[in-house]
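Below is one structure, written out as structure tokens, with a few remarks after it.
Nothing in this text is a laboratory measurement; each read-out follows from the coordinates by a stated rule. A quick note: this is a predicted structure, and the numbers were derived from the prediction, not measured. Quick reminder, even Gly has a Cβ in these numbers, built from the backbone with ideal geometry, and neighbours come from all protein chains shown.
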Amino acid sequence: MSKTPLPDDKAMLDDIAAIVEKTGCERKNLIPVLQNIQDRFLYLSEDAIKILSGHFGLSSCEIYGVATFYNQFRFNPPGKHQVKICLGTACHVKGGDIILENFERKLKIKTGHTTEDREFSIDKVACIGCCALAPAVVIDEKTHAHMTPTKIEGIFLGYEIEKEMKIREEKKRDDKDTPA
Amino acid sequence: MMIIISVDDKEIQAEEGTSLLKVCLDNGIYIPNLCYMEGMETPPSSCRLCFVDIDGEKNPVPSCSVKVREGMKVFTNTPRVRGLQWSAFELIMSNHRIDCGSCLSRKACPLIKISRHLKIRLKPFRVGHINSGNEDIVEDHPCLIYDITKCVRCGKCLHICEKIHGRLYLTFAGRGVDMGISFFGDSDDETIPCARCLACVKICPVSALLSYERYEHSPEGSSS
């Protein structure tokens, strides 16, 4: 069932094993180690949790239970573009959950997950501090105000165009580098 | 040492230091409870249903975590105790899918017993039904099926699992309304004892945890 790890995944697991090696196996060290791994690799993979479970003598599901209690841990690699949907009070009143649902449907993933091509990930956040713009969505660093389902289509079209342009530019550069 | 306590003006003999809830239950005085199991060193007191008033205590206390003492005067049905129990029960029921017709717990269901005892409807009328938005039925375990919409988060399955195996093969994950049982990381048939054990299935009071075999024989499982 377990897939063979990608080359960078293997490097990551070796790195994690090294981090774990350096810490004592008392229970109090669990959360600091989890934070350390989260900071470095931006998520906790299943294999990482297995390594920890061996080190601390806890079952992996126990560690998972601890980690899921805190919002700061994620269990999927974040996407290239991180979509954060605000569900604070103002955005909730203005229908933030509908926006969230639309993003989930559009990307065909659930909250906290990442698309298969690792382009986008969706997260819900509490207040992002711009209640006057509700319902608001932050993609990477850019805030999108007064979201509507139609605007979502527009945003994704923008990203698609950007991606297409990049591919074309690269192609042009390649063509220049290797003249026929 | 045997001591005498009074519960609802009835005198009861009890061994000093036993849990008050256990003493009452053993003597035929029912106090609603969901998360207490005999032999617990430190009961979680998380269901908030077993409240009683004790003479001399300022506020009602959960009886599972109180040890009996000589001359204790206990009242199980004062208005403020009932008030707390109603709220707690309604909050539990707000996250429980009521589907008694096709539920395997039927007559053994403690929720029905509690609702009769408290003279309160099963359906929470003040808070309504909260849907956590999670997937209803989790099937990522080789021999267990978990239905989050029925689970009352009593934690008995965790307690029994740790007691039998000395470690947890299932756990509470998430927080708030999203909290539920997870089998994370233990999905390998070969290494887990679940197929032979199923203690969690037997202990689950509301049939939220089922073995595949039981699920297929339930009205719900055979219809889908």
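Structure remark: mean-square fluctuation, Gaussian network model of chain B, C-alpha springs under 10 Å; the largest value among B:V206, B:V66, B:V127 belongs to B:V127. Scanning chain B for GluC sites (Glu not before Pro) in DSSP loops with at most 16 neighbouring Cβ atoms within 10 Å leaves B:71-134 as the longest stretch between them. GNM remark for chain A: springs join alpha carbons under 10 Å apart, and the peak mean-square fluctuation among A:Y64, A:Y159, A:Y43 falls on A:Y159. Between A:R118 and B:M1, the distance separating the two model label sites (each 7 Å from Cα on the Cα→Cβ line) works out to 6.8 nm. Restricting the range B:1-86 to chymotrypsin sites (Phe, Trp or Tyr not before Pro) that sit in a DSSP loop and have at most 13 other Cβ atoms within 10 Å of their own Cβ leaves B:Y30. Among the cysteines of chain A, A:C25, A:C61, A:C127, A:C130, A:C131 have no other cysteine beta carbon within less than 4.7 Å of their own.
When you filter the trypsin sites (Lys or Arg not before Pro) in the range A:86-174 for DSSP loop state and at most 10 other Cβ atoms inside 10 Å of their Cβ, you are left with A:K108.
Apply the a/c threshold of 1.5 to the C-alpha gyration tensor of the range B:136-193 and tell me whether it is rounded, prolate or oblate. It comes out oblate by the Cα gyration axes. Which residue fluctuates the most in chain B, going by a Gaussian network model with Cα springs under 10 Å, if the choices are B:L104, B:L25, B:L49? Its mean-square fluctuation being the largest, the pick is B:L25.
For the range A:153-180 and the range A:76-151, what is the centre-to-centre distance using only Cα atoms, to the nearest Å? Here the answer is 26 Å between Cα centres.
Compute the distance from the alpha-carbon center of the range A:1-70 to that of the range B:1-63, in whole Å. If you average the Cα positions of each part, the centres end up 42 Å apart. For the range B:196-210, the Karplus equation 6.51 cos²θ - 1.76 cosθ + 1.60, evaluated at θ = phi - 60°, returns couplings of 8, 8, 6, 5, 5, 5, 5, 7, 4, x, 10, 6, 7, 9, 9 Hz by residue, with Gly and Pro reported as x.
Potential lengthening of the chain between A:T23 and A:T148 amounts to 40.2 nm, from the contour at 0.36 nm per residue minus the alpha-carbon distance.
With 20 Å as the limit on Cα-Cα distance, the pairs of A:K80/A:K172; A:K142/A:K163; B:K67/B:K113 that go past it are A:K80/A:K172; B:K67/B:K113. Approximating the spin labels as points 7 Å out from Cα along Cα→Cβ, the B:D178-to-B:S65 distance works out to 2.7 nm.
Rounded to whole numbers, the Karplus 3J(HN,Hα) couplings from phi for the range B:28-43 are x, 9, 7, 10, x, 7, 10, 9, 7, 10, 4, x, 6, 5, 10, x Hz, using 6.51 cos²θ - 1.76 cosθ + 1.60 with θ = phi - 60°, and x at Gly and Pro.
With helices as the sole contributors, the protein assembly as shown gives -11500 deg cm²/dmol at 222 nm; each DSSP H run of n ≥ 4 counts as -39500 (n - 2.57), and the sum is divided by every residue.
From the cross-link list B:K22/B:K119; A:K108/B:K150; B:K163/B:K202, which pairs have alpha carbons spaced over 19 Å apart? Pairs exceeding the cut-off: B:K22/B:K119; A:K108/B:K150. Take the Cβ-Cβ distance between A:K10 and A:E170 as r, set R0 to 35 Å, and report the resulting FRET efficiency rounded to the nearest 0.05. Rounded to the nearest 0.05, the efficiency is 0.80. The GluC sites (Glu not before Pro) of the range A:1-82 that meet both conditions, a loop assignment by DSSP and at most 14 other Cβ atoms within 10 Å of the site Cβ, are A:E26. Across the range B:105-117, computed HN-Hα scalar couplings (Karplus, 6.51 cos²θ - 1.76 cosθ + 1.60, θ = phi - 60°) run 6, 6, 5, 7, 5, x, 5, 5, 4, 5, 5, 5, 5 Hz from first to last residue, x flagging Gly and Pro.
Short-range pairs are left out: with C-alpha atoms under 8 Å and at least six residues apart, the relative contact order of the range B:1-136 is 23 percent. One quarter of the convex hull surface built on the alpha carbon atoms of the protein assembly as shown amounts to 27.8 nm², the projected area averaged over directions.
Calculated FRET efficiency, A:I31 to B:S87, Cβ-Cβ distance, R0 = 41 Å: about 0.80 to the nearest 0.05. Extending 7 Å from the Cα toward the beta-carbon at both B:H217 and B:F75 defines two label points whose distance is 4.7 nm.
Proximity of backbone amide H atoms, modeled 1.01 Å from N, is registered between A:G79 and A:S121 at under 5 Å, excluding neighbours fewer than 5 places apart on the same chain. How would you classify the range A:1-157 from its alpha-carbon gyration tensor, with a ≥ b ≥ c the square roots of the eigenvalues: rounded for a/c under 1.5, else prolate if a/b is greater than b/c, otherwise oblate? Prolate is the answer for the range A:1-157, as a/c is 1.5 or above and a/b outweighs b/c.
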